[in-house]
Amino acid sequence: MKKMIYLDNAATTKTAPEVVEAMLPYFSEYYGNPSSIYELAGASKKAITEGREKIADVLGAKANEIYFTAGGSEADNWALKAAFEAYKDKGNHIITTKIEHHAILHTCEYLEKERGAKITYLDVDENGVVDLEQLQKEITPQTILISVMFANNEIGTIQPIKEIGQIAREHGILFHTDAVQAFGQVPINVDEYNIDMLSSSGHKINGPKGIGFLYIRKGVKIRSFVHGGAQERKRRAGTENVPGIVGYGVAAQRAARTMAERTAREVELRDYLINRITTEIPYTRLNGDPVKRLPNNVNISFQFIEGESLLIMLDMDGICASSGSACTSGSLDPSHVLLAIGLPHEIAHGSLRLTLSEETTKEEVDFVVERIKKIVEHLRNMSPLYEDFVKKQKNN
Ligand SMILES: *Cc1c(COP(=O)(O)O)cnc(C)c1O
């Protein structure tokens, strides 16, 4: 492969070497089914217990509150569908936001269309932050669940999770947060934030793909998601993904251990990148909150260009980036997140997301800025809209 600069760490991350190393013996040496009784199975069982403890430790949770899933999407589906089933006698109202990941939004649509749920989608301000007053106003005696993502995968905005948890607790409403982007990037303590359920995914934190978890606070009445064997305390049947769990545990501990230093460095590089692009390229804007923002997220709109064209040209230079969320690229609709923060369609279309990693260097950032400058200039020169705009500027 030619030299590549990977700036799409919100889509997925490279599995860390120490994670891969920890996983390997669980493929070919300790491959026993954890539910069996012989010694070989004991090693698998022990590995699951340790993985669970490692993750619980990072969240300030108890090990028996961590339920492994096949990823973030499954955890989100489980939280919403099973909480709705378990609490629908109390009420049918769920409050979420307009900027959630599709794993939440499409689950809400399903619950609304097929299961009789009533869903309120909260607005966000121009930086992507939910309005706490609106949240308070939307709560009714029928409200059983509030689900607000910890940090947004497209624009990086971090929500006032502590305040939302407080509001939910005061009203006796369950609080779920999709923390897939936040876990391992910002400190999270489920007790301090009054979180009742939390979703996370291994492959977003330098762990393996196909493993995630749902934290469920002890006492929360929630149904099984997969019926079958007695795994995951009878709530999620199926032979456990032992190597995945081992890798996830190591990745979670690693992320916690390196967090302070890693994120401080990323914030510096992030702000340097934002600053260079927005000052050196005209007609650009930063999307998302400038401060309450994931340490590695940059999301910029370039007027008069198509984000997809920019992406293709960056790819030719070996630069991996994204125009929004990976799940929506390929569709021509602009991102629901960018529309929710009030961007007009044509500006939302010209957006680029760059998400850094601990391995990103200043040299790479400088190279990327230079390429973006050239490409944006080139694309604008081909744009009739830009031509019109320049003519009008001259006439004024
Ligand atoms: C990636 C992502 C998911 C989905 O996680 P998978 O493990 O890929 O299923 C859900 N929510 C957010 C915010 C994400 O970034």
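Table for the structure above
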| quantity | calculated |
| --- | --- |
| Meets criteria (out of contact with any helix residue (DSSP H, G or I) (no Cβ under 7 Å at 6 or more places or on another chain), at pLDDT 95 or above and away from the ligand (no atom under 16 Å from the Cβ)) for LEU111 | no |
| Some residue of segment 94-101 being assigned to a helix (DSSP H, G or I) and either closer than 22 Å to ALA168 by Cβ or open to solvent by 10 Å² or more (accessible area, probe 1.4 Å) (or both) | no |
| Failed item in (1) modelled with pLDDT of 95 or more; (2) away from the ligand (no atom under 16 Å from the Cβ); (3) charged (D, E, K, R), with ARG223 passing the rest | (1) |
| Segment 103-119 residues that are assigned to a strand (DSSP E or B), paired with ones that are open to solvent by 10 Å² or more (accessible area, probe 1.4 Å) (beta carbon under 6 Å, 6 or more apart) | LYS118/ASN92; ILE119/GLU112 |
| Residue satisfying condition, being among the small types (Gly, Ala, Ser), touching a His at 6+ places or on another chain (Cβ under 9 Å), touching a residue at least 12 places away in the same chain (Cβ under 8 Å) and within 16 Å of the ligand (Cβ to nearest atom), within set GLY128, GLY71 | GLY71 |
| Index of the failed condition, LYS209 passing every other in (1) open to solvent by 50 Å² or more (accessible area, probe 1.4 Å); (2) more than 13 Å from the ligand (Cβ to nearest atom); (3) within 16 Å of the chain's Cα centre (by Cα) | (2) |
| ALA56 within 21 Å of the chain's Cα centre (by Cα), surrounded by 16 or more Cβ atoms within 10 Å (Cβ to Cβ), more than 16 Å from the ligand (Cβ to nearest atom) and within 27 Å of VAL19 (Cα to Cα) | yes |
| Every residue from segment 156-185 that is within 13 Å of the ligand (Cβ to nearest atom) and either open to solvent by 10 Å² or more (accessible area, probe 1.4 Å) or of a type outside the set (A, V, I, L, M, F, W, C) (or both) | GLY156, THR157, ILE158, GLN159, HIS176, THR177, ASP178, VAL180, GLN181, GLY184, GLN185 |
| Condition check for ALA179: farther than 23 Å from PHE84 by Cα and modelled with pLDDT of 95 or more | no |
| Segment 329-361, residues that are out of contact with any strand residue (DSSP E or B) (no Cβ under 8 Å at 6 or more places or on another chain), of a type in the set (A, V, I, L, M) and at pLDDT 95 or above | VAL337, LEU339 |
| Of residues in segment 186-206 being within 24 Å of MET23 (Cα to Cα) and of a type in the set (S, T, N, Q), the one nearest to the ligand (Cβ to nearest atom) | SER201 |
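The values are calculated or read from the model by the stated rules, or taken from the named source; none is laboratory data. Given the structure is predicted, the values throughout are model-derived calculations rather than measurements. Reconstructed Cβ throughout: ideal geometry from the backbone, glycine too, with neighbour counts over all protein chains shown. Only protein heavy atoms, including side chains, enter the accessible area calculation; ligands, DNA and RNA are left aside. Shrake-Rupley method; radii C 1.70, N 1.55, O 1.52, S 1.80 Å.
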